[in-house]
Amino acid sequence: MIQFHIEKKFNLYPKLLYKRWLRHLIESKNYRCGNINYIFCDDEYLLELNKKFLKHDTFTDIITFEENEGNTISGDIFISIDRVKENAKKYKISFENELVRVMAHGVLHLCGYKDKKSSERKEMRIQEDLAITLFEEEKK
């Protein structure tokens, strides 16, 4: 089950579209969807998590906590709406496009994709782009 929790006011609409897209993305990677919580928050909220759990004193757009069991992916995905807005501006793309990229990024981490090394970041970007394409198809 995919759930959305809003800690910072913004509108995720239509929620069913996002849930359907995320389930299709997960299934396309040959995983089953377990309990996935998206928590949309602000920079300060995510900064505190980053300090507490990752020992990083920097803003970030996303932190993913994995709770997978076998082929079923589960976890908590925290997304800073502030960072998504800033990154959309920085890269001159729509807020929706950046939000979809970041939401996919979290699921891709749950599916085992990494992004520490250059080669991993390249593959992650390819997978994010495919996820964005899947989202656009899902909207039709």
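Looking only at helices (runs of 4 or more DSSP H) that fall completely inside segment 20-112, which ones have 2 or more residues that are within 13 Å of the chain's Cα centre (by Cα) and of a type outside the set (D, E)? Please lay out each step first, then the result.
Working: elements: 43-49, 81-90, 95-110.
The qualifying helices (runs of 4 or more DSSP H) are 81-90, 95-110.
Can you tell me which residue within segment 57-68, out of those that are closer than 17 Å to V102 by Cβ and of a type outside the set (A, V, I, L, M, F, W, C), is surrounded by the most Cβ atoms within 10 Å (Cβ to Cβ)?
From segment 57-68, those closer than 17 Å to V102 by Cβ are 58-66; that's our starting set.
From what's left, of a type outside the set (A, V, I, L, M, F, W, C): 58, 60-61, 64, 66.
Details: T58: 8, T60: 16, D61: 22, T64: 16, E66: 14.
It comes out as D61.
Return yes or no: is S119 outside any strand (DSSP E or B) and either under 22 Å from Q3 (Cβ atoms) or free of Cβ contacts under 8 Å to residues at least 24 places away in the same chain (or both)?
Values: outside any strand (DSSP E or B): yes; either under 22 Å from Q3 (Cβ atoms) or free of Cβ contacts under 8 Å to residues at least 24 places away in the same chain (or both): yes.
It is true that S119 is outside any strand (DSSP E or B) and either under 22 Å from Q3 (Cβ atoms) or free of Cβ contacts under 8 Å to residues at least 24 places away in the same chain (or both).
Of all the residues in segment 87-140, those that are over 22 Å from C41 (Cβ atoms) and among the acidic types (D, E) number 6.
Here K85, K90, K122 are screened, and the one residue that is modelled with pLDDT of 95 or more and over 17 Å from F59 (Cβ atoms) is K122.
The values are calculated or read from the model by the stated rules, or taken from the named source; none is laboratory data. This one's a predicted model, so the numbers in the text were calculated from it and none came from an experiment. Methodologically, a virtual Cβ is constructed for each residue, glycine included, from the backbone with ideal geometry; neighbour enumeration extends over all protein chains shown.
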